[in-house]
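Worksheet: the structure to be examined is printed underneath.
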Amino acid sequence: MTSPGAVLLGIDDTDNESSPGTGYLAQQLLQELDALDLAAPLGATRHQLLVDPRIPYTSHNSSACLLVAPADGVGVDALHDAAADFLRRYSAPGSDPGLAVARKADVADEVVAFGQRAKVDVLDQDLAHATARRTGTLLSGLGGTEDGVIGALSAVGLHRSGTDGFYLWLDGIRGFRAGRYRIEELYRLLHLSDARTLAGTRPAEGTLVDVDPWVRPLHLEDGPVLLLDDASGWRTAPKAEVRRH
């Protein structure tokens, strides 16, 4: 899922208890950037952060990262400003939205490490802003307590790691119909880079795979990998297993 000049936009804490989640808003933002002719959507990933009583969160403490291909002449600053305007308008009342933006190729190892720490440690805004300044990452709090900057920066780092989360949006996965598909069809329809079990076993060419309607490839090896289960015939892995990533 790499495109020359691709840009990552991390968002977090855009919802409240009665609103659609951050993952939904991430998909709406992809559409907005496309409609404004600023960037073509390439994907959006969900990243699970630490669940701890010391951390305020709405439901699962997950953040989202958008992957886009900027239009000719559109820079990181323009994408940041358009996304910030969108989040100010559409984040839920009482939310604490944050936004992080960086060209994918420029995301520093320090940002990746920050995201990995956010999965196991309680971090704070000061550290997030200091990390962003040192690495040249655009980071903005857009309302409320602005705690969303922590998850937003984490999402950029975790997506850049290439080994975390799953795809909330990828061309072909939304509205995908359940059924039995040859493995070659799944690669084509879902734009997969791989399809395998956790142990690394892959179905042979021509194998039929039972596909659940909830299809969310993992973000592994910097691309979409469909997690499969071969315990009793080939099928997509259960939702609970996918969400553990």
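The values are calculated or read from the model by the stated rules, or taken from the named source; none is laboratory data. Everything numeric in this text was worked out from a predicted model, so none of it was measured. Here the Cβ positions follow ideal geometry from the backbone for every residue, glycine too, while neighbour counts run over all protein chains shown. For accessibility, only protein heavy atoms count, side chains too; no ligands or nucleic acids. Shrake-Rupley method; radii C 1.70, N 1.55, O 1.52, S 1.80 Å.
A few remarks follow.
- Complete set of residues in the range 168-201 that are more than 30 Å from Ser63 (Cα to Cα) and basic (Lys, Arg): Arg180, Arg182
- When the residues of the range 104-115 are filtered to those that are crowded, with 16+ Cβ neighbours inside 10 Å and not small (Gly, Ala, Ser), the one that is nearest to Ala132 (Cα to Cα) is Val111.
- Boolean, Arg174 is over 25 Å from Gln31 (Cβ atoms), loosely packed, with under 15 Cβ neighbours inside 10 Å and within 17 Å of the chain's Cα centre (by Cα): no
- Taking the range 156-245 and the strands (runs of 3 or more DSSP E) fully enclosed by it, the elements with 1 or more residues that are of a type in the set (Phe, Trp, Tyr) and touching a residue at least 24 places away in the same chain (Cβ under 8 Å) are at 166-169, 179-182.
- The range 132-151, subset among the charged types (D, E, K, R) and open to solvent by 50 Å² or more (accessible area, probe 1.4 Å), residue nearest to Pro93 (Cα to Cα): Glu146
- Restricting the range 1-25 to residues that are touching a Lys or Arg at 6+ places or on another chain (Cβ under 9 Å) and at pLDDT 95 or above, the residue that is farthest from Gly141 (Cα to Cα): Ala6
- Residue in the range 184-235 that is modelled with the lowest pLDDT, counting only those that are under 19 Å from Trp169 (Cβ atoms) and aromatic (Phe, Trp, Tyr): Trp214
- Subset tally (residues that are open to solvent by 40 Å² or more (accessible area, probe 1.4 Å), closer than 27 Å to Gly115 by Cα and acidic (Asp, Glu)) for the range 212-240: 1
- Within the range 57-102, the set of residues being under 16 Å from Gly115 (Cα atoms) and either among the β-branched types (Val, Ile, Thr) or touching a Pro at 6+ places or on another chain (Cβ under 9 Å) (or both) comprises Leu66, Val101.
- Filter pass, Ala195 being open to solvent by less than 70 Å² (accessible area, probe 1.4 Å), in contact with a strand residue (DSSP E or B) (Cβ under 7 Å, 6 or more places away or on another chain), of a type in the set (A, V, I, L, M) and over 19 Å from Gly43 (Cα atoms): no
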